[in-house]
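Below: one structure, written as structure tokens.
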Amino acid sequence: MTAMGKIGVFDSGFGGLHTLRNLVDALPHYDYVYLGDSARAPYGPRSSDEVYTFSTQALDFLFTHGCELVIFACNTASSVALRRIQQEYLPLKYRDKKVLGVSIPLAEAAAATTVTKRIGVMATQGTVDSEVFVREIHKLDPSIQVFQQAAPRLVTMIEAGEHVSEDIREALAVYLRPLLDASIDTLILGCTHYGLIADTIQAMVGPAITVISESQAEPRALARYLGNHPEIDTKLSKGGTRTFCSTDTTDKFDSLGSIFFGSPIHARAVVIDTVNRT
Ligand code: DGL
């Protein structure tokens, strides 16, 4: 059998490029297709039904463009839509395909890290409302206390190129205060975009708190998953290619996306809300 499948990486916009960069660094030989739904970002404030519908459209696009396995780099899509997709959409339309999210790897990494059993989560409103981290951490250890904080301003600020500004430090100080007051020892950055400000956050919370971001957790989780599932790994092509697609290719996607990815990218403009719809 010829290995044909690529790995799709889906995000609401370009934040997931930071995760892709770490996936590519750790597992460079696979072929990756990145899809950012920038035309409809942010997903954080959207309803669950909207996030579910948009996520199924992204899957239709990626699966019809040669992907065998798709990773939801978007925390909001992982938290709000993934379970329903795995239970309803895949069995209906893509029985042999796999979709993985970022919530479980982050929860596992945090649960394995905390000593005081007090974990903080900073994420979008949608992710916080889904309580996915509370649920997944409690499956691993019900005695862990989870403190959540929605940080709705951060995505907009980072997208405005303010990731190194004084304003973002001020916003962070407000969002981090309740988590610091809760004496957490581990902090989950439950949003694609926060990886870009992980160093600032680490400096602000101090060395006693371990900051965990998806761009660290996801490559380890994918390597472990493929190691445990050689039948899937053999289906994946290993040509080392990277393809970038955006529903809204603008100079901004390429320029800010290049910062997230760590090297220049050029995205192809694609339409996903008409692909393969029934
Ligand atoms: N990608 C989203 C996430 O990780 C952040 C941006 C958005 O709200 O769409 O939750």
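Here the gap between residue 26 and residue 255, fully extended at 0.36 nm per residue and compared with their Cα-Cα distance, gives a gain of 80.1 nm.
From helices alone, the chain scores -13000 deg cm²/dmol at 222 nm; the rule is -39500 (n - 2.57) for each run of n ≥ 4 DSSP H residues, then divide by the residue total. Extension gain for residue 138 to residue 160 (0.36 nm times residue separation, less C-alpha to C-alpha distance): 4.4 nm. List every residue whose amide H lies under 5 Å from the amide H of residue 100, counting only residues 5 or more places away in sequence or on a different chain, with H placed 1.01 Å from N in the peptide plane. For residue 100, the qualifying residues are 70, 71, 72.
Using the scaling law 2.2 N^0.38 Å as the reference, what is the normalised Cα Rg of segment 1-153? Mind dumping the intermediate values first?
Values: Rg = 15.7 Å, N = 153, 2.2 N^0.38 = 14.9 Å.
Normalised Rg, Cα atoms only: 1.06.
Sequence-ordered 3J(HN,Hα) estimates for segment 88-103 from the Karplus curve with 6.51, -1.76 and 1.60 and θ = phi - 60° stand at 10, 7, 5, x, 6, 10, 9, 4, 9, 9, 10, 10, 10, x, 9, 5 Hz, glycine and proline given as x. Between the helical axis of 166-181 and the longest alpha-carbon principal axis of the chain there is an angle of about 70 degrees. Computed from the C-beta positions of residue 241 and residue 53 and an R0 of 25 Å, the FRET efficiency is 0.30 to the nearest 0.05. When the Gaussian network model of the chain links Cα atoms closer than 10 Å, the mean-square fluctuations of 117, 238, 93 top out at 93. Fully extending the segment from residue 115 to residue 248, taken as 0.36 nm per residue of separation minus the present Cα-Cα distance, adds 43.5 nm. Percent of Cα pairs in segment 216-278 per distance bin of 10 Å, from zero to the largest separation: 18, 29, 36, 18, 0. Note on residue 98: lysines with a C-alpha under 24 Å away, same-chain residues under 8 apart excluded, are 6, 139, 235, 238. Projected onto its three principal axes, the C-alpha set of segment 167-278 covers 48, 39, 34 Å, listed from the longest axis down.
Segment 109-139 and segment 183-218 have Cα centres lying 12 Å from one another.
Placing unit charges on each Cβ (+1 for Lys and Arg, -1 for Asp and Glu) gives segment 1-145 a dipole about its Cα centre, and among 142, 121, 47 the Cα reaching farthest toward its positive end belongs to 142. In terms of Cα atoms, the Rg and Dmax of segment 83-203 work out to 15.9, 49 Å.
Cα-based radius of gyration for the chain, normalised by 2.2 N^0.38 Å, reads 0.95. Could you work out how far helix 48-64 tilts from the main Cα principal axis of the chain, as a 0 to 90 degree angle to the nearest 10? Taking Cα atoms only, the helix is inclined about 40 degrees. Between 81, 171, 208, the residue with the greatest mean-square fluctuation in the GNM of the chain (Cα pairs under 10 Å linked by springs) is 208. Under 5 Å between amide hydrogens, built in the peptide plane, is the criterion, and for residue 250 it picks out nothing among residues at least 5 positions away or on other chains. Here the simple spin-label model places points 7 Å from the Cα toward Cβ, and for residue 167 and residue 228 these points are separated by 4.3 nm. Once the Cα atoms are used to define both axes, helix 16-26 deviates from the longest principal axis of the chain by about 80 degrees.
Here, each number is a calculation from the coordinates, and none is a lab measurement. Not measured: the values here are computed from a predicted model. No Cβ is skipped: glycine too gets one built from the backbone with ideal geometry, and neighbour counts run over all protein chains shown.
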